[in-house]
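> Pasting a structure here, questions to come.
The values are calculated or read from the model by the stated rules, or taken from the named source; none is laboratory data. Because the structure is a prediction, the values reported are computed rather than measured. Cβ placement follows ideal geometry from the backbone for every residue including glycine, while neighbour counts extend to all protein chains displayed.
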Amino acid sequence: LYHGGAFDMSCTVKVYFALKLAGDDPESPHMARARAAILERGGAASCNVFTRIALALFGQLPWRGVPYIPVEIVLLPRWFPFNIHRVSYWSRAVMVPLLILCTLKPRARNPRNVDIRELFTTPPEEERRYFRRPLGGSAALARAFFSLDRLARSLDGLIPRALREHALERAEAWMLERLNGEDGLGAIFPAMVNALEALSVRGYSPDHPHRRGAKRALEKLLVEDYSSAYCRPCVSTVWDTALAGLAMQEEGSAGARAAALRGLEWLEPRQLLDDPGDWRTRRPHLPG
């Protein structure tokens, strides 16, 4: 995403909804322009999974419009073909609190009952094509995924209540262990906002230290001046330094390599060396 770049369905839907929640007139020029662009490209039903989950939390589309991802996934052993250690830490930090939300299906507060039904070409409760095969994707693989999703969803009611609560407690414990103080879960906005919402759903009061810390972590991402405000996806100094260091090493000149070395010296004391450390789970013998 960048100014003047290509249209992004999911971003446009979220921005439209956020502006409408904030009180913008749907008939104002910028809202009408966004709405027309969304409808021309198939409507809000075709936005990505994370956006559809956010819309489901606000009751803007049914939960069948998002993939079935039960919290019991956190109980899958490491030898299982799919488990939470098979994905990157970034994905895992986003996914674990999201599993809590998608299992408990809370309803976000919306005191003015704002809706965005006008962004759907088919009423959201009647839409049957939330899951569409990606362009260039395998039709057979897509059918297999859709069939598995329907089967698993139909069996959800058979999951024992005790097993579900055990899985919720496991996911909650995983999240609490990694809340990371005021730097936030994973130090990235998607994981941090999911964690704050999951803490609320699990009954933590607004003044509980965990919930206060999770909120403070999000507030630290805000950048405000006299005329504008925006939320950073992360405090990117470490990330940017590592990427710049790689670029400098590839450039190869003496000055670039010296700059890369200074970056590495700055990074070294900032490593997370907690044992065992999630990053070591699948590569336990890496140095660092």
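> Tell me whether region 231-239 contains one or more residues that are hydrophobic (A, V, I, L, M, F, W, C) and surrounded by fewer than 14 Cβ atoms within 10 Å (Cβ to Cβ).
The initial filter retains those residues of region 231-239 that are hydrophobic (A, V, I, L, M, F, W, C), namely 231, 234-235, 238-239.
Still in the list and also surrounded by fewer than 14 Cβ atoms within 10 Å (Cβ to Cβ): 231, 239.
Yes: one or more hits.
> Would you pick out the residues in region 168-215 that are under 15 Å from residue 102 (Cα atoms) and not in a helix (DSSP H, G or I)?
202, the sole residue that qualifies.
> Can you spot a residue in region 41-51 that is over 22 Å from residue 148 (Cα atoms), surrounded by fewer than 17 Cβ atoms within 10 Å (Cβ to Cβ) and not assigned by TED's automatic domain parsing to the domain that holds residue 105?
There is at least one residue in region 41-51 that is over 22 Å from residue 148 (Cα atoms), surrounded by fewer than 17 Cβ atoms within 10 Å (Cβ to Cβ) and not assigned by TED's automatic domain parsing to the domain that holds residue 105.
> Continuing with the same structure: For residue 93, only one of the following conditions fails: (1) in a helix (DSSP H, G or I); (2) in contact with a Gly (Cβ under 7 Å, 6 or more places away or on another chain); (3) over 23 Å from residue 47 (Cα atoms). What is its number?
Only one criterion is unmet by residue 93, namely (3).
> Can you tell me which of (1) farther than 25 Å from residue 190 by Cβ; (2) in a strand (DSSP E or B) is the one residue 223 doesn't meet?
The one condition residue 223 does not meet is (1).
> Any residue at all in region 264-271 that is touching a Lys or Arg at 6+ places or on another chain (Cβ under 7 Å) and at pLDDT 85 or above?
Filtering region 264-271 for residues touching a Lys or Arg at 6+ places or on another chain (Cβ under 7 Å) gives none.
For region 264-271, residues touching a Lys or Arg at 6+ places or on another chain (Cβ under 7 Å) and at pLDDT 85 or above: absent.
> Sticking with this one: Condition test on residue 165, is it under 25 Å from residue 76 (Cα atoms), assigned to a helix (DSSP H, G or I) and more than 18 Å from the chain's Cα centre (by Cα)?
Spelling it out, residue 165 is indeed under 25 Å from residue 76 (Cα atoms), assigned to a helix (DSSP H, G or I) and more than 18 Å from the chain's Cα centre (by Cα).
> Of all residues in region 169-189, which are within 22 Å of residue 270 (Cβ to Cβ) and not acidic (Asp, Glu)? Steps first, answer last, please.
Taking region 169-189 and keeping what is within 22 Å of residue 270 (Cβ to Cβ), we get 177-189.
Hits for region 169-189 are 178, 179, 180, 181, 184, 185, 186, 187, 188, 189.
> Is it the case that some residue within region 275-287 is among the hydrophobic types (A, V, I, L, M, F, W, C), within 24 Å of the chain's Cα centre (by Cα), surrounded by 10 or more Cβ atoms within 10 Å (Cβ to Cβ) and modelled with pLDDT under 90? Talk me through it step by step, then tell me what you get.
Pass one, region 275-287, residues among the hydrophobic types (A, V, I, L, M, F, W, C): 279, 286.
Cutting the leftovers down to within 24 Å of the chain's Cα centre (by Cα) gives us 279.
Subset that is surrounded by 10 or more Cβ atoms within 10 Å (Cβ to Cβ): 279.
From the residues that got through so far, the ones that are modelled with pLDDT under 90 too are 279.
Yes, because at least one residue in region 275-287 is among the hydrophobic types (A, V, I, L, M, F, W, C), within 24 Å of the chain's Cα centre (by Cα), surrounded by 10 or more Cβ atoms within 10 Å (Cβ to Cβ) and modelled with pLDDT under 90.
> Could you tell me which residue of region 240-256 is modelled with the lowest pLDDT, considering only residues that are farther than 30 Å from residue 194 by Cα and loosely packed, with under 14 Cβ neighbours inside 10 Å?
Residues of region 240-256 that are farther than 30 Å from residue 194 by Cα, as a first pass: 245-256.
Next cut, loosely packed, with under 14 Cβ neighbours inside 10 Å only: 246-247, 250-255.
Working: 246: 96, 247: 96, 250: 95, 251: 94, 252: 91, 253: 94, 254: 94, 255: 94.
Ranking the qualifying residues of region 240-256, first place goes to 252.
> Filter region 238-288 down to residues that are without any contact (Cβ under 8 Å) to a residue 40 or more places away in the chain, among the acidic types (Asp, Glu) and within 30 Å of residue 175 (Cα to Cα), then give me how many there are.
Looking only at that region, the number is 4.
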